[in-house]
Amino acid sequence: MWNSVDMMRTDGWFEDEIESALERYYVGPQYYLTPNNIACPRMIERYGADWGLNARGIYYRHRYSQGWVTAGHDPWLPSFDGIDWNGPGESSRRSRAKAFLKRILNNERWRKSEYALEADAWTHVFGQMRDDPVLAVDKHEYNTIKLKRDPVSCLLAGEPKFIKRIPDATFGLATFKPKDYQNPLAEWNLDHDRLEALLLHRHCGLISDPRWGDADLAFPFAVYEAKGWSGDAREARRQGCSAGAVYLDMLDHLARQPGKSGNRKRAYQPARGRGNNQVFVFTSFGAHWHILVGYKRPRLEREYAGHEGLSESVYIFQRIWSGRVVTLRKAWELLSLVDQIHLWGVTDFRNSIINRLNDWHEFGRRCYANDVDFMFRKVGADRFTCDGKEYRGIPEACLQLADWAKHLSEEARGKLRERVISYFHQACPRDLPDLTDNWPAAITCLLDDCGPVGTPGYPIQCKEEMAAHYREVHGEDDDVIADLERLWDEPKEIDNHNNPVQVRKRERLESGEPDSCAKRYKGSTPIDVGNKQVAELIDLTKDS
């Protein structure tokens, strides 16, 4: 068991001695968590935090090996291959390295605080990323749900808890507003409002920003944690990897075929797979830096898959570079690797995100169009008059938020519902002309939380999509799926436009006759309080 390094007592040590001691401590426990293996209190005190991460699926490997990368993953790595640090093409980077080295040596000499170390990293290491217009770099909050760690077994136990954490720096993609579209770098798939619309719809819930409810910093690909000499280098690793695991979950959700946010078993999008589903973790302890790469995969049998108190997925983080940045060469190495990660982030990574969002935006439009179609079938218009006031209608079920929102305060949910109303009313003129019998849905699912009856339901367009939905979301077996597929084929022999049921529905809408069952809608109307909209609940069904 290696003790932490007290940098205040390293006077007279050689640099390689300091580096070796820091590396040994950074590794942490010599073996991973083993369920039902009782450890002594002293071991739990030292390594309980690391074993708790193992229970959550987070594993750190101090040596990178392609042999530890399982099938289906091929992480991209920066390297020094083909780069001559003394070459003329590296003169600019050497100048930056020289300026950074000067600051680091000054910080070490005067034993400055974590703030000074972090500020210099922002300026000299991450300055080019911060200034890149297609990236969003900030001290940015992330949210997640975690189970507590049992103090003895180190396994997960207790009730899920909503947590907030703020890494020292988070690196993601910039989103755009209409005023940005004069810039050729602005990307429509990364439009702020389009991403927010995907985030809020109850059947979609795609989280693009790690701070739930926002869409400002999209799909992070790197995180930075800094510690001064009074801090703990191992804690920086744990914090960085914990944030990285949250970002990997976001990327994994995006890489799958669009569907309900609570379903984690959806297949991956064809062709695109899980390529570029990786994150980088930067940590610094004084002048000592580490760069890790991480990816997500299912927990394997040898990792006690299925054991109570352990996560279903694991997040493997491997060290790809580390060193004490006290020489010009080490400073150049750090900047070279960070610059390569920067270039990867704005090219391969960003392009993969944009491509995967194509299917999600199409699915999101279908979800909103399905709600619009439901309202027009039941009401016949997007506006109605009540007590002399004109209201813009929205089905009450459409105000239900995605599953993640239940962890927010009621005040926060209320603000998000106002945004949902806005996106619904934007969808009315946009999607109404395109509504047909087969779009946005050929059928809608009303089972479990897709319904209930009397709501728009979950839109399904084809038989294959129906089979996947009922199998993955509702857990139906193959026999039930086969019956559903047989039923699907039957309506194809009927002219949906002219069958008696459809004719009667159209006649009822045209005559103004109310439906036989009660339908409740939210109506929103602007009143004279600035731009605020007040929602009132009204019943559109007359007493029979």
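Residues that are among the polar types (S, T, N, Q) and outside any helix (DSSP H, G or I) were ranked within segment 74-117; the one that is surrounded by the most Cβ atoms within 10 Å (Cβ to Cβ) is Ser113. Restricting attention to segment 39-67, the residues being in a loop (DSSP other than H, G, I, E, B) and closer than 25 Å to Phe282 by Cβ number 6. Quick test for you: out of Ala236, Ala186, Ala226, pick the one residue that is farther than 28 Å from Asn370 by Cα and in contact with a Leu (Cβ under 9 Å, 6 or more places away or on another chain). On inspection, the qualifying residue turns out to be Ala226.
Looking only at residues of segment 98-127 that are among the polar types (S, T, N, Q) and farther than 19 Å from Gly323 by Cα, we find that the one that is nearest to the chain's Cα centre (by Cα) is Thr123. When residues of segment 140-188 are filtered for being among the hydrophobic types (A, V, I, L, M, F, W, C), under 23 Å from Ile38 (Cα atoms) and assigned to a strand (DSSP E or B), how many remain? Residues that pass the stated criteria total 3. Scanning segment 469-479 finds no residues that are modelled with pLDDT under 85, in a helix (DSSP H, G or I) and either surrounded by fewer than 10 Cβ atoms within 10 Å (Cβ to Cβ) or β-branched (Val, Ile, Thr) (or both).
Here Leu185 does not fit the description of being hydrophobic (A, V, I, L, M, F, W, C) and in contact with a Ser or Thr (Cβ under 7 Å, 6 or more places away or on another chain). Of all residues in segment 1-16, those that are surrounded by 12 or more Cβ atoms within 10 Å (Cβ to Cβ) and either β-branched (Val, Ile, Thr) or without any contact (Cβ under 8 Å) to a residue 24 or more places away in the chain (or both) total 3.
Put simply, of Thr175, Thr144, Thr123, Thr170 the only residue that is surrounded by fewer than 16 Cβ atoms within 10 Å (Cβ to Cβ), among the polar types (S, T, N, Q) and at pLDDT 95 or above is Thr123. Only a single criterion out of (1) surrounded by 22 or more Cβ atoms within 10 Å (Cβ to Cβ); (2) touching a residue at least 60 places away in the same chain (Cβ under 8 Å); (3) assigned to a loop (DSSP other than H, G, I, E, B) is not satisfied by Ser208, namely (2).
The values are calculated or read from the model by the stated rules, or taken from the named source; none is laboratory data. Treat the numbers as computed from the prediction; the structure is a model and nothing was measured. Cβ sites come from the backbone with ideal geometry, for glycine too, and all protein chains shown count toward neighbours.
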